[in-house]
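Asks: Supplied in structure tokens, the structure appears directly below.
What follows draws every value from the coordinates through simple rules; no lab data is involved. As the structure is a computational prediction, the values presented were derived from the model and not from experiment. Positions of Cβ are generated from backbone atoms using ideal geometry, with glycine treated the same way; all protein chains shown enter the neighbour counts.
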Amino acid sequence: MRYFTSEWWRSGGERDVAVAYRSYLSSVTNQLPEAALALDREHTLHDAEVKRIQSDFSKGTVSLQLLGWNQAFNEKIRYSLHFSGVTAFEQAFPQEEYVESELGDLGYWEWEVVPTGTELRMLFASSAEFRIVFRALAFSHVPA
């Protein structure tokens, strides 16, 4: 994570980081996939739980299924995110010997424009992190 780091989260999440990220995001809006913008604009992944991960590296695809919430946090939503043109999918899990949860709820995510496409980084309550570099994104959602 570049903006919303574990250290930032543990220290109380100062607002300046969110302001800096929003400033960066607005500077690259025209370079991000429309699906990423729509996901941020119309939905939230905050407090979502990963329910399934599928990857086919020979085809360059990764799919994530999450159980989350609507923006008002009063209705459960099932989200499916489908990444194509994937060139990297890294998962870093907590390094402690014992943790209550390998992932936990998704706390924060951030998009970044990179030379090979778009990078999505996710930070979970357990301090686990995902990083996906991709060229295209599609997502769907249905009430749970």
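Asks: Looking only at Ala18, Ala36, Ala128, which one moves most when the chain is put into a Gaussian network model with springs between Cα atoms under 10 Å?
Replies: Result for the chain, Cα springs under 10 Å: Ala18 fluctuates most.
Asks: Could I ask something else about it? Compute the length gained on full extension between His141 and Glu97: take 0.36 nm times their separation in residues and subtract their Cα-Cα distance, giving the result in nm to one decimal.
Replies: Residue separation times 0.36 nm, minus the Cα-Cα distance, leaves 12.3 nm.
Asks: If you don't mind, another one. Could you work out how far apart the two model spin labels at Arg15 and Val28 are, taking each label as a point 7 Å from the Cα in the direction of the beta carbon, and quote it in nm?
Replies: The modelled label-to-label distance comes out at 2.5 nm.
Asks: Just Arg131, Arg78, Arg15 to compare: in a GNM of the chain, with alpha carbon springs under 10 Å, which one fluctuates most?
Replies: Arg15
Asks: Using θ = phi - 60° and the Karplus form 6.51 cos²θ - 1.76 cosθ + 1.60, what ³J(HN,Hα) does each residue of the stretch 137-144 get, whole Hz, x for Gly and Pro?
Replies: 9, 10, 9, 9, 8, 9, x, 7
Asks: For the chain, just say rounded, prolate or oblate: build the C-alpha gyration tensor, square-root its eigenvalues into a ≥ b ≥ c, call rounded for a/c under 1.5, and beyond that prolate if a/b exceeds b/c, oblate if not.
Replies: rounded
Asks: Separate question: Per DSSP helix of 4 or more residues, -39500 (n - 2.57); summed, then divided by the residues of the chain. What does that give at 222 nm, rounded to the nearest 500?
Replies: Rounded to the nearest 500, the figure is -5500 deg cm²/dmol.
Asks: Which of Ala88, Ala72, Ala35 ends up with the largest GNM mean-square fluctuation for the chain, with Cα atoms connected below 10 Å?
Replies: Result: Ala72 has the largest fluctuation of those listed.
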